[in-house]
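What follows is calculated from the coordinates using simple rules that are stated; it is not laboratory data. Note that the coordinates shown come from a computational prediction; the quantities given were computed from them, not determined experimentally. Backbone-built Cβ (ideal geometry, glycine too); neighbour counts: all protein chains shown.
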Amino acid sequence: MSVSTAAYFARRAAQKERVQILYRRALRDTLNWAVHRHLFYQDASNLREKFDANNHVEDLDAIDRMIAEGEARYNKWRHPDPYIVPWAPGGSKFTRNPTPPAGIEILYDYGREDND
Amino acid sequence: MFSVEFLCVTLPLIGAIIGQAMGRSRLLSAGIISSCVFCSAVLSWYLFLTLQQRYSVGVMPWFQIGDMAIAWSICIDKLSAIMLVVVTTVSLMVHLYSIGYMSGDSGGIRFLAYLSVFTFFMMVLVTSGNFVQLFFGWEGVGLCSYLLIGFWFKKDAANRSAMKAFVVNRVGDLFFLCGMLAIFYVFRSLSFDEIFEQISNGEGFGTVSVLGYQTQIVSIACILLFLGCMGKSAQLGLHTWLPDAMEGPTPASALIHAATMVTAGVFLIARCSPIFELSQAALDVVLVIGLATCLVAALVAIVQEDIKKIIAYSTCSQLGYMFVACGTANYHLAIFHLATHALFKSLLFLAAGNVIHSNAGEQRITHMSKNCWRDIPLTYALMWIGSLSLMGVFPFAGLMLKVFHNPSTKRISSIHESSGIMLFPLLVLAVGAVVSGMLLKSFWGITGSEFWGGSLKVHAHEDIGLLLSLLPAILGVAGALLYLAYHNRLRVIAFPDKLARLVHTNSHDLSGRCRPKVIDYFLLGGITEAVSTCARYSVKVQSGRAFDYALVMLSGVATTLLVVYGFDTVILLMILIPALGSCLAAFSRGAMSRAVGPARGCHAGSVLSSLVPMFFMIGFWGHGDKVGAAFKFLIYTATASVGFLAAVACIDAVANATSSSFDDTAVGLATNVHFHWQVYFWILCFIVFAVKLPVVPCHTWLPSAHVQAPTAGSVLLAGLLIKLGGYGLLRFCIQMLPTASAHFAKFVICLSAVSLIYASLTAFAQRNMKMLVAYSSVAHMSFVAAGMFSLNEAGMLGRTGTMEMSECSGLASKMPRLSAMIVFFSMASAGIPGMVLSAAYMLRLCKEVVWGSAPAGSGKFDDINIGEFAILAALAILVLVLGVFPAPLLTMLKPAVEHLLVPLHKLQPSWG
């Protein structure tokens, strides 16, 4: 494989990765805007169509331009207050003062009990 | 002293202390705290129902400065009585509710204690008879708000929100303080009774020229007071802390951010209504800001998805209504709305707490369980009552109702109604929400002037007619129809097709949702885009470098000095060098050969002798680059000391004083030495003590000495050594050279201001704890608590072995005693009223060190032992006593200070 061919494939691989990341993020963000499933399915389908519409593009520079444009649009329309599950990091219940269940305690110096 | 009024106010505080002390027995503690609040509520109702006329109960003197004597007192009139009833009743309900709501939380008792302390401060605020006591309560409720928002201290978002709330409130407090000073300037008093009496005698109409316009001073004072109210009552511009404050537990939101603290601004304006009546301009400002807040906050509430934030923005909006009432001089109606709003808004918050509780902590209304109203019917009904009261539907005092009719597919199986202790307060508040309006209006006649008995200004009103009465209802229905039309439901009826197509378009964005074209894109989107563009460019000015900010500040000060002094400032800078040269010349001529008088010699000796042990202390027992720091310390301070000796020798040589005392030397200098030479001596002394203090730009030795010194050295540095500079400044510059001191007063004030702001900003940027304290010492030189604060920092270094704040976060869960002390002294250090910056960096220290989750693998720290705790507790008590009862100390200092200021008074300086 010549150097130019390897460079071509490396660039395509990088573009593929960027497109996948963009799609995943956009899809996840769509769920913030359209909470209910019947709306979300439609929006997700529209999003997929937009990506699929450019599936045939082969020009590397054109792909780069389109990805950059897509990322800019994503950043512009990203939900300002995305939904976070209450108990996940950043959620409303995360790191409150949970009382550990009875019988569970922090054991310091684990494994050195025999030395005492 | 132990009257009904005194007990009514202090019982919550007593309950909090006892309850917290008995923290091991959860039920007993909760019982004690709630019982004390219950007793306080009963006494409040007793005071309200039996009140005949306004009276005041003296508690004890507070302090006296000049002619102004301030005393702790409890002032009871209709206004304070109705506020007492509202505060204690809602507080009692919230206490009861919290017992159930926080039952699963390990810090439940601490939470109840915070609530009780808040109740105490709120009662101090509403019963104060003067501005100073009111400000004490004002700051106290701010402190409790900080503690309650950051109650879940392991949660980063809660810590950030707490800090934001405190700092934004501090911005308002700064204006409030300025307003208070302006009031004092006009009326020479801060007592409400005295001020109102002067107003009734036709005083208080002095004017001042502002930008060429003659403006009433009282207008400026009222606007400043209102700016203070804007911070506390979350009005547009200073409202940003309130939605973030929803990070705190829901009962705290119900008590503080709905019913009581946020209404303190409205109370203040009502209390000061006779003063506001003097200024139509101030009332107009109140009206405009209130109106804007009403509209904007309500609009923002519509698009919120967090149930608590919806209610928070609705609170903002309702507070706007109260300010509108104040702005139209209907103070009694503002208080009427305040009382009813407290009931139905706390009901809404507590009901929201129930909903969140039953939905496993979910706060997003879009993600709550499907049609959960079937499972919690009582809460549903109570929420209806609160919402209808909020909307003003007769006979009640429906934004959140979609929570219950949520079409979400999610279904939480364990959803259930809350326990009895959580439902009972809601029922009481619901009854209050339904009947309080009618009761207050029809039974007590709150809308008439007889009810208020002169406690606030009540204007007679004419009947406004049926049409105007119905106008809000008509506009409300019209608004609802427009809303539906906008959402395409009634398009055929409301819009012709063409217009509808213009308003609605099918352009889809990435999220795949339809975006209305005209209103959203051009109006809302356009404004947002414009603001965003402005922000993008203006942010470049904010480089984040303290030097850049210092440069801007210095430029401002230089310009101000040039405007005030003209080219004298330049001359001042030019004489610095020859002054230094002439003093050194005098030194080289052998003036030192004369014996230096004992009084001045003692001070010179102490200054010099204090350097040597500190030099060795840093050099031997320090750490890091200890030798470099020790020599830097020695070079700076020893150079200053040599300059000081030169100054002393010169002064002694030329003064020809009859004795070596400070007074005689001052007389000798005044009679025998030309003013120009006095100026030179003053400059030399000032440079010397500016290094000692230290003042920017002579400060660079202190941070490195602080960081490298052992802990004991740091304490001595912060607590004692740098205070010598302040003492020297008093003794030499002010006492011996009063004329020159008066001449340079404004220059020193400006330089101090620059030093203060620069050091505060630099302190805020530090990562090292000792560095932060060192810069705070630079900023706080006049504040003795800086030295005390170093003491608890000492305990920290010995136990954690690190000074990096990021490495010792989350101490609250590992070293509770020390953490409590750090927070206490941080608050004392940030306590200089109006100092926004000091609050910011001290709270940052607390956030980084005390609050938050401990990093993994940080190991186990031993908390301070009982002996160390006792020492810190003694210091804490001393700080408290000095704050609450400083009269003995002030009395002791008064003769010495008066003696010091006699020559200055004779000169009638510009700073007097």
Cα centroid separation - the stretch B:344-359 against the stretch A:21-71, whole Å: 39 Å
Centre separation in Å (Cα based) which lies between the stretch B:135-203 and the stretch B:254-317: 16 Å
Low-density loop positions, trypsin sites (Lys or Arg not before Pro), the stretch A:1-93 - DSSP coil, at most 15 other Cβ in 10 Å: A:ARG78
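Taking loop as defined by DSSP and a crowding limit of 16 other beta carbons within 10 Å, which chymotrypsin sites (Phe, Trp or Tyr not before Pro) in the stretch B:205-287 fit? Kindly include the intermediate steps, with their values, before the conclusion.
Details: sites: B:PHE205, B:TYR213, B:PHE226, B:TRP241, B:PHE267, B:PHE276; in loops: B:PHE205.
Qualifying residues, ordered by number: B:PHE205.
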For the stretch B:95-106, 3J(HN,Hα) per residue [Karplus equation, 6.51 cos²θ - 1.76 cosθ + 1.60, θ = phi - 60°, Hz, x = Gly/Pro]: 4, 4, 4, 5, 4, x, 5, 9, 4, x, 9, 5
Whole-Hz couplings from phi, Karplus 6.51/-1.76/1.60, listed for the stretch B:274-285; x for Gly and Pro: x, 6, 5, 5, 6, 10, 5, 4, 5, 5, 5, 4
Per-residue average of Cβ from other chains inside 10 Å of B:355-368: 3
Shape category assigned to the stretch B:1-129 from the gyration tensor of Cα positions, a/c cut at 1.5: prolate
Too-long pairs where the Cα-Cα distance tops 22 Å, listed order kept, from B:LYS232/B:LYS309; B:LYS155/B:LYS308; B:LYS232/B:LYS345; A:LYS76/B:LYS155; B:LYS78/B:LYS457: A:LYS76/B:LYS155
Counted charge near A:ALA68, where neighbours are those whose Cβ lies closer than 11 Å (Asp, Glu -1; Lys, Arg +1): -1
Long-range HN-HN contacts of B:PHE63 with modeled amide H, under 5 Å: B:ILE70
Within the stretch B:1-129: Cβ-based charge dipole about Cα centre, in debye rounded to nearest 20 (Lys, Arg +1; Asp, Glu -1): 280 debye
Residue-count net charge about B:SER56 - beta-carbon cut-off 10 Å; Lys, Arg +1, Asp, Glu -1: -2
